[in-house]
Structure formats: structure tokens, C-alpha cells
Amino acid sequence: MFPIDFFWRAAQRWPDRIAIDAPEGAIRYDALAARVAALAAGFTAIDPAPQSRVGICAGNSADHIAALLAVLACGKVWVPLNPKSTRPEIRRIIDATEPTLLVLDTACADLLEGAPGARVLTGTQTDDSAATLAGLAAAHAGAPRPQLGLPDDATQAIKFTGGTTGAPKGVMQPYRAWMANITNQIHAWGFDEHERYIVAAPITHGTSTYILPILAQGGCHVVLAGAGAEAVRTAFRERGGTVCFMPPTLVYMLMALPGASRADFPRLRRLIYGGAPMPPEKIRQVRDFFGPVLGTTYGQTEAPQILTVLCPEDFEDERNLASVGRTTWFSDVAIMAPDGRLLPTGEVGEVVARGDLLMTGYWRLPEKTAETLVDGWLHTGDRGLIDERGFLYLKDRLKDMVITGGFNVYPVDVENTLGQHPAVHECTVFGLPDDKWGETVQAAVQLRPGEQASEAELIAFVRERLGPVQTPKHIHFHESLPRSPVGKVLKSSVRDAAMAALATA
């Protein structure tokens, strides 16, 4: 069995049910299945080679979902391309994975300019010379469903964890990892044929891990008619949303909307947050507003989404508010000392994991793979402990990654970019807690003697090269950055000074 088989079986069982409720119309399971089979045949006609890569650069839409399912159906490898990225970042991913086919919105054309690969456009196009998903599906209408014959460790997707400087790290997620994720999502949240999943977070990110679990149970994906918190509220209020995955930032935005109340979410039964931590006090506020529907998961791109799960009923115990839950099926999670020993209950060390949910490695980076996968254990880079009940508590990160609004930002990428400015002598980048974004990106800068640069100038410099997500919210200037006796910048001291400065301001 393969991940796509969950969808095929659902289409056979519930042909008349609505699979996708989009602004342009509803799509039944039988119609979606026919379209996916036709697109899979079309993709195979463009490139018959199994396991070739297909990049999809698009916003959330019915076309995006159908294209993703078609990639899975024809045995190719999905490479998500974030439409909010910059052209250099997109090109790095394309150059690394060498996709032979690119599916894109017309709005993303500039991001993919000059990149190799055949192009197929989403949506309705007026240019008859452009290949479209609709045209490809029509040309291959009636095609049979493909038969796959690949091993469990064959790659289903290559998702990138970062790397706008140097070699990007493409995580190879195998079929077995997707199978484990689908099974655990269904088990953890009790999805059934009555689900209406609000597609709020990008399909290129966390939402992708909910596409098949919802479809497997005969549920429906509700594509927003607009963008932002108001569009999400409208979908819940007027289109019967029952479940959604979103970063904490969006949860807070929904609560802050003018006139917002629990009545705006009449059928909501599961509100799953992830991509960033939610402090206990915020959890209490969210539960007071939405009721006992909040849940969360812990995972990484290297072990997608659901190594552990904290269900709504778990939040009833105050001890669990700072936890990320207990280990899910097909995985082991443990705490490891620097010398490789597994630590007993209650001791803090690095969180490690093994089992079916794990990646097979980083795309064409064997040395990085060997550093992260050691004797079958994935080294997450997070520090934490497991209590006597089996609940995992994260303490901090060994790596300095900043999670802002559900997106991962790697400080070295921002530091290397800031360091390119002629006035910057040295800099360090870090995250600070933020009620709206979870964390915000901050930078401390020491200028070259005799040089000048304003905060606005440096922010614009980074934004132009890396895009808005990785751009610091504030630049903190230091005459001399604090250092250790061996000359290393003391990031903790810089962070403390920045927090004090912002509190004073």
C-alpha cells in the first residue's frame, strides 16, 4: 500500500461526497479521482521516469491539491516551492533537486524565471500556448489509475529545512514516513467523513500533512475565498469548518478580530496548532475562547508533524500545558546524553527519535545525514525531558533556529546576508518571544569603524535578499559585541540586552 491508496479507497467508498469545497465550486470524490488519474498520466507522459522530481509553486487551491495528489499517484517525488520565497532561494532548491516538471501559479512565474523543467500552469489561462492542468487532464481523460511498485523507503517528497546560503538541506521523506503520519493523524484526531478541514496554513508547509488523512476518511478540504484571519473566520462561520491546523500566530489573530466570539466557529471540534510553541498562559486564553478543542503535535521535517501528540483532553491536566504530548505509533522518542547514553525519566538531554516516521536522509548530503541519523536515531537538536507519564517537555533548542509565524528561520542565513553589507563588521541573529508571531527575528550588529548604517537600511538590505519572513524586526547596534574569553560572541548576553532594550522602549 502507498500513501495515495488512502485517497483511491476513499473515492471508491464515498464517490458522491465532496472532497474539495473551493470558491470556484465543489469537487466530488469521483471527479477528483478521475482528474488525479488523468494528471498522473499527463505527468508521466511529460517524464516517464519514476521518482523524477516535480516542483509545485502555488498558493492554496483545488488545483494545488489535485496536482499534489497526481504527483503521489504517478510515483514521482514532490518538491514544494514556497511562493513567498525569493527567486534565489527557489532556484537553489530547483538546482539541487533538478525537477523535470514545474507546476505553478501565473503569479509565481517570476520566481521560476530561467529555471529548467517543463511548466504546467494552474488556473484558467488566456494564453493558448501555455500548458495548463486543465488541458493536461482533458488530454488524458479516462486514464487508469497508475500501479506503483516502489519500496517503502522510496522517496515521496523532498522538503527543505533551510539553506539560503551554502547547500540547502532537502529532507527525503519516504513512503513509510507518510504512511505513519497519515495513520497517526487519523488515530490522534478521530477524523471521519464529516470533517471539513479549513485550508489555512500553506500546502507547501504543515497543511500538506493533513491532505491525505482528511481524504482517507471521506472528509472535505475547504479552500479559503480570501487571505488572512477574516477569511479563516468566514470559512468556519459560513462553510461549516470542523478542524484546522495553524500556527499560534493565526490563532491569536482569530481571537483578536473585531467582534470575534466562539459563535463564529459553530462546528469547530479540533484546533491544532504547530510550527511554534504556545506558552501556558496563551493556552489558557485560547481554551477559554474556543473551548476544549485545542491540540498540538511535535515533529520536524525530518520526522514529519507527529512524533508526539497532545490531544484536547490532555490539556485538562495543568501539568501538560508545557508539554508537547506523548509518542505516537510507529516511533520511539527518547532523551540522549552527549555520549550517546539514553537518559532516564526526568533528566534533560537531546530529544532523539527512531522508527517509521523518520527521513531516509538529506538529499545528496551524506555527511549531513550521517551527523543527524546515528545508529538509527534522529538527533533533533532539541533539548527536553520525558516525565514518568511519558509526556515530552521541550526545554530549548541545541540549534539556534528561530520559529516565527510557523516558519523556520536559520540565524546563519540571516547573519551571512547581513554580513554582506559594507558597513557591518559583525552580527549575530537570534529570536525573541513574541505574543503574535511566537518568536521574532532580531539582529545585533557591530559596524565597521567609521561606517554608518541605519536600522531601516539594514532591514531593507536583508528583506531584498531573503524576503520578509527572514528579515529582522529590529536591529540592535553595539559599539562592541560581548564576547567570551576565546572571542566568541555571547549570544545569550546579546539576547538579554535586546530584551531589556525592547522592554524599556
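The values are calculated or read from the model by the stated rules, or taken from the named source; none is laboratory data. Since we're looking at a predicted model, the values are computed, not measured. Positions of Cβ are backbone-derived with ideal geometry, glycine not excepted, and every protein chain shown enters the neighbour counts.
Of all residues in the stretch 400-416, at least one satisfies being under 27 Å from H478 (Cβ atoms), outside the structural domain of W178 (by TED's automatic domain parsing) and over 21 Å from the mean Cα position of the chain (by Cα).
Out of all the residues in the stretch 386-401, which are assigned to a strand (DSSP E or B), touching a residue at least 24 places away in the same chain (Cβ under 8 Å) and surrounded by fewer than 22 Cβ atoms within 10 Å (Cβ to Cβ)? Within the stretch 386-401, Y393, L394, K395 qualify.
Of the residues making up the stretch 402-435, those that are more than 21 Å from P280 (Cα to Cα), of a type in the set (V, I, T) and assigned to a strand (DSSP E or B) are V409, V424, T428, V429. The residue that is modelled with the lowest pLDDT, among those in the stretch 121-152 that are part of a loop (DSSP other than H, G, I, E, B) and of a type in the set (A, V, I, L, M, F, W, C), is A130.
The single condition among (1) farther than 17 Å from A67 by Cβ; (2) buried (at least 21 other Cβ atoms within 10 Å of the Cβ) that R92 does not meet is (2).
Residues that are in contact with a Ser or Thr (Cβ under 9 Å, 6 or more places away or on another chain) and part of a loop (DSSP other than H, G, I, E, B) were ranked within the stretch 192-203; the one that is nearest to R270 (Cα to Cα) is E195.
Where residues in the stretch 225-261 are of a type in the set (G, A, S) and part of a helix (DSSP H, G or I), which of them is farthest from S61 (Cα to Cα)? Ranking the candidates gives A256 first. Outside any strand (DSSP E or B), within 24 Å of the chain's Cα centre (by Cα) and under 30 Å from V441 (Cβ atoms), is that true of A353? Taking the combined requirement at face value, the residue does not satisfy it. Between T86, T122, the distinction of being touching a strand residue (DSSP E or B) at 6+ places or on another chain (Cβ under 7 Å) and among the polar types (S, T, N, Q) belongs to T122 only. If you check G55 against the conditions, is it surrounded by 23 or more Cβ atoms within 10 Å (Cβ to Cβ) and either at pLDDT below 95 or within 28 Å of the chain's Cα centre (by Cα) (or both)? Yes.
If you scan the stretch 436-481, which residues turn out to be in contact with an Asp or Glu (Cβ under 8 Å, 6 or more places away or on another chain) and in a helix (DSSP H, G or I)? Passing the criteria: only L466. One residue stands out among those in the stretch 262-289 that are free of Cβ contacts under 8 Å to residues at least 60 places away in the same chain and part of a strand (DSSP E or B): the one that is surrounded by the fewest Cβ atoms within 10 Å (Cβ to Cβ), which is L271.
Residues in the stretch 15-36: is at least one at pLDDT below 95 and under 30 Å from G218 (Cβ atoms)? Scanning the stretch 15-36 turns up at least one residue that is at pLDDT below 95 and under 30 Å from G218 (Cβ atoms). The set of residues in the stretch 1-52 that are of a type in the set (V, I, T) and under 26 Å from the mean Cα position of the chain (by Cα) comprises I4, I18, I20, I27, V36. Taken over the stretch 4-40, the criterion of being among the small types (G, A, S) and touching a residue at least 24 places away in the same chain (Cβ under 8 Å) is satisfied by A10, A19, A22, A33, A34, A37, A38, A40. Of the numbered criteria (1) touching a residue at least 12 places away in the same chain (Cβ under 8 Å); (2) surrounded by fewer than 22 Cβ atoms within 10 Å (Cβ to Cβ); (3) not aliphatic (A, V, I, L, M), the one P213 fails is (2).
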